[in-house]
Amino acid sequence: MNPTKTALILIEYQNDFTSPSGTLHNAVKGVMESTNMLENTKDVVRKAREAGVTVIHSPISFHDGYYEITAHPYGILKGVVDSQSFRKGTWGVEIIDDLKPESGDIVLEGKRGLDAFASTNLDFILRSKGIETIALGGFLTNCCVESTMRSGYEKGFEVITLTDCTATLSEEEQQFACAKNFPMFSKPMTHDQFSEELSGETISEIAGRGYSA
């Protein structure tokens, strides 16, 4: 894995999901705790930045009234509307302080649905930067993460899903997605496995330049 051709995509690490007072936090709290996803994500982001990986944040947001989507939402988006989540200008829509974008990070704009590719310029960004591998973490495991995984796979990227950097509504859904769906469209890894892959590439690059590690 070449870190300079790799992007770490952080999907919806926003207060409404991630913080105790968030509108949807109670729905994902149990799985967040079982996977230790927040601490794992903080760790992998730090190591990814050190290795030279591009860090991309993919938040979702809507204006008051949710005019960007159908007036009769159903499924997961109905849950967003009913809970009044991810509204622009509110605390809930903000990326959590622990993962605030840093200089050099990219923050996608325009995400209004599940797939991070669908209503953003993510594909253009990745190709213009020569990215070949994308690693995904965030919410929900079997929703936005999985939708983005499938699109990335079909667009020809090498897709890695960080199983312990994801969370969803139940343990059953979490385990099924990671065990059954992720292997069909990605290379599932823990955050430690991903970090080891990055470290291995960095050492190889150093050796290739004639320096001792």
Inset, instruction - Taking Gly89 as meeting all but one of (1) in contact with a His (Cβ under 9 Å, 6 or more places away or on another chain); (2) assigned to a loop (DSSP other than H, G, I, E, B); (3) open to solvent by less than 70 Å² (accessible area, probe 1.4 Å), write down the number of the exception. - result: (3)
Inset, instruction - Can you run down the residue pairs with Cβ atoms below 6 Å, 6 or more apart or on separate chains, where the first is in the range 149-172 and at pLDDT 95 or above and the partner is of a type in the set (Asp, Glu) and crowded, with 17+ Cβ neighbours inside 10 Å? - result: Ser151/Asp115
Legend entry - Hey, Phe139 modelled with pLDDT of 95 or more, of a type in the set (Phe, Trp, Tyr) and under 25 Å from Glu196 (Cα atoms) or not: yes
Inset, instruction - Give the range 111-131 a look and list any residue that's over 15 Å from Gly52 (Cα atoms) and loosely packed, with under 14 Cβ neighbours inside 10 Å, or say none. - result: Asn121, Phe124, Arg127, Ser128
Inset, instruction - Among the residues of the range 97-108, write down those that are surrounded by fewer than 18 Cβ atoms within 10 Å (Cβ to Cβ), in a loop (DSSP other than H, G, I, E, B) and within 14 Å of the chain's Cα centre (by Cα). - result: Lys100, Pro101, Asp105
Inset, instruction - Output the residues belonging to the range 109-136 that are farther than 17 Å from Ile69 by Cβ and either assigned to a strand (DSSP E or B) or at pLDDT below 95 (or both). - result: Thr133, Ile134, Ala135, Leu136
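The values are calculated or read from the model by the stated rules, or taken from the named source; none is laboratory data. Quantities reported herein were computed from a predicted structural model and do not represent experimental measurements. Neighbour counts run over all protein chains shown; Cβ positions are idealised from the backbone, glycine included. The area values use the complete protein model at the heavy-atom level, side chains included, leaving out ligands, DNA and RNA. Shrake-Rupley method; radii C 1.70, N 1.55, O 1.52, S 1.80 Å.
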